[in-house]
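Values in this text are rule-based calculations from the coordinates and carry no lab data. What you see is a predicted model, and the numbers here were worked out from it, not measured in a lab. Quick reminder, even Gly has a Cβ in these numbers, built from the backbone with ideal geometry, and neighbours come from all protein chains shown.
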Amino acid sequence: MIRTNVVRLLAASALLMSLSACVSVTSAPAGPYKIGTATVTLGHEWSDISAIMFARPAKVRLLSMDGPLLNRLYVTDGLAPGEFMVKPAAKERPTPTYRAGMAPTELVEFVTDSVAALDYQRVETDNLRPAKVGSADGLRFDLKAKTKEGLDISGAAQVAEVKGKLYVVLFLAPSEHYFAAELPEVETVLGSVKVG
Amino acid sequence: MSVFRSVAVTACLFLAACTTTNTRLADKSPTKPAAGAKILIVQPDIELGLLTVTGIQEARADWSTQARGNIKRELEEAATAKSHVFRSLDPTSVEDPRALQLLRLHEAVGNSIRGFNYGLYSLPTKKSFDWTLGNGTQTLAQAYDADYALFTYGRGAYSSGGRKAAMVGAALLGVSMPMAQQYAFTSLVDLKTGKVVWFNVAVAGTDSDMRSPEGAETFAKALLKDAPL
Amino acid sequence: MPRVLRPRAKGLALLAAAVLAVAPAGAQPRAPHLRPTDTSDEGGIWALSEKAELAARQSVERNRDPALNAYVTGVVAKLAPEYQGDIRVYVMDRPFFNAQMALNGYGEVWSGLLLRVQSEDELAFVLGHEVGHFAENHSIEAYRTLKARLGATMAVQFAVAAVAMGAAVNAGSAQGANDIMRAAGALNDLLYLGQLAAYFGYSRENEVEADSLGFKRAVAAGYDPAAGATLWRSLIAETGSSSFKRVRDQEARANIFSTHPVSSERVKALDDLAARTPTKASTADRKAYRAVIRPHLAAWLKDDLRRRDYGQSLALIDRLAAEGEDQGLLTFYRAEAYRQRRGEGDLELARKAYAQAGTYPDAPVSTWRTLGDLALQAGDRPGAKTAYETYLARAPQAQDRWLVEASLKKLSEGSAT
């Protein structure tokens, strides 16, 4: 009836207003940036937009220079088996979860299917090559995708398993200007991942 | 307490008779395009509808067409008034893939500006107004023989009579109902560098209903306030 | 509120003619080549449909294969010759069973539907069903019913839902700013499914009527009268196999925005119609239809697996394999489903399936690399070695050659992985 709806509405708006007071965009200054057990080294300042990211899993951070429509640098803490990089919107639309003993192509699939779960279209990978994260053997690959509006997106990804957990770094940006603009910095970040 | 806040917010909106605008300039004193500069006016992307009491937004083709035509005319007049030469571009007719990418990139940049320059949050990495499409815009400059591009984007709804009544009732109960709003943003892009030299968001008040020629004139003037034209 | 299974589809099945004000169901069908006046709500929806059509035309999800689009257009032309020139159908690469037709004649057929019909006869029936909605202006009824129903309920309640769907224009709201990405999406909200989904909720009577209209058109065009019932039955069976309870509970739909499931009554009605119709014996030619979709099978199955509803995907693959064609490809995707599902015993099921796929000439080459990977996971080192060597022999130019060679090297050195 009326009363329950009004109460529900007021509760919802009170929650929203109090939430908006708590969350904010913070600075991730040049230098070491820690996410749980992982650390990356940023060559210049980034904005940490993790807090305003919709439905963000706790182990995933999102850095940006110009906002999530123009560049996204995802950095994760070690994902344990059963954990996802992208939170599912509904139980009937599950997102990829990490599993122990995945083959290299399955690790790549984990990232590309997660990117598709972020509503990117026609996700493809290319140029799979080895990478080193500390002493661990990792994988590095490139991505191509499109937004729903048809904007071409380029990506760079790196995955590594350390002590049974998966560490992911993923950069996505429009192919027009924005990907190339930050790629040198992103390569530095990818090479700087330290675990433990 | 949230009850009083929402009533206060609604009351403020009811009182807002004047169009509010909010301009951003890339430079404090920008270099205005020289007289005779060629400005590519991208046909305004405007969709208007009727917001009914139940919250359904009914698309209104006639309003959207009127608004698009009115705003386009005002923009062209403003451009010629400052003795610039304008060219018109219908984005739906563009076929060149690179040009299409640039148009979509502009949408992403425009929405980012709206989100971070006008929204609740700002980016520490964007202390000054410094947005760009990259110098790929030179392809647009060549394809359309233009020095600048002027984009306009508008969305909005007008409350039906039933909805207006319901809103007053809701406000008395201490509940805020989403209010019908009409807003637009324009950006002026230097096609040589891709830099957004000027950006403005305008929220319409009761005196600038863009469906009518007079309202559109007021609204367009608000949109182009401080435009370095 | 209509449940939205998949956002972002555009198009309306709302129809109104300039002639009709409030036409009861069963009144004269839409005359060809109509356009409503601009100021009516029908006019507004017509313009919205035009914009949605433009978006569909430019959409990333559009399947642009000329042969496939021509084929689908050809079937519609056989079904609705009187609307020649009024209807334009676009094939969209979306892994759900769906087809719809908007006010201005713009139609969509999704790849998930093309993958699930087993013959041109079944395709004709479901397209005829949608043409039926189009011809009888069911959508305008749906819209008016929705308006009337919502007016009686709590306006406040819907407004909250509307805000949540991004339908209302509230640029400066806390919610909009809290999620910049969604706020940006909400700017295009006029075209987004959340708004338009409301317009697709046909009444049960209209769904039943569209079934019978689809049947009539398909039979008139020379298609198998039994096709409709067969299709609905396989759809019901597949939905019943879903891994998700919610999907099973919602049951099969003819159109994903429809609020009424394909019920057993509807199937029986089609059986009765078929029984009364002398069959002109066009036995549903499944092989011919498969030839049409064969170039797209792999891509569409890959998309289907992305939904992660393995129950449904496996039921679908079983049905696709019924005629004995494309065994290598289909068995490979069955294996992929087991591999991705990773339930109890799935590793063994996957290994068996990949091995079986490899016995057919049309198995994708990655079959052997995956066989190697899974053999390793199962601790079968000799099996992994054989599979990897086969892969390298069959795919000398493979991009991931270096990876497989590294694995082989480690195997021969005696270390795991």
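At a glance:
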item: Peptide B:133-140 - average C-beta neighbours from other chains (10 Å radius); result: 2
item: Distance histogram in 5 Å bins (all Cα pairs of the range C:295-413, percent per bin); result: 2, 12, 21, 22, 20, 13, 7, 2, 0, 0
item: Among the listed pairs C:K78/C:K287; B:K38/B:K221; C:K302/C:K410, those beyond 29 Å (Cα-Cα); result: C:K302/C:K410
item: Ranking of C:F96, C:F125 by count of other Cβ atoms within 10 Å, fewest first; result: C:F96, C:F125
item: Kirkwood Rh in Å, taken over the range A:147-187 so that all alpha-carbon pairs contribute; result: 11.6 Å
item: Globularity index of chain A, i.e. its alpha-carbon radius of gyration over 2.2 N^0.38 Å; result: 1.09
item: For the range A:85-146 and the range C:358-402, distance of Cα centres in Å; result: 21 Å
item: Crossing angle, helix A:104-117 versus chain A [Cα axis fit, 0-90 degrees, rounded to tens]; result: 30 degrees
item: Greater than 31 Å apart at Cα, pairs in A:K194/C:K385; A:K87/B:K126; A:K91/A:K146; B:K126/C:K51; A:K91/A:K132; A:K148/B:K192; result: A:K194/C:K385; B:K126/C:K51; A:K91/A:K132
item: Mean Cβ neighbour count within 10 Å, used as a protection proxy, ranking C:212-221, C:75-84 highest first; result: C:212-221, C:75-84
item: Average partner coverage of B:99-112, which counts Cβ from other chains inside 10 Å; result: 6
item: Proxy reagent accessibility, fewest Cβ within 10 Å first, across C:Y202, C:Y354, A:Y33, C:Y71; result: C:Y71, A:Y33, C:Y202, C:Y354
item: Residue-averaged beta-carbon neighbours from other chains (10 angstrom radius) around B:63-74; result: 1
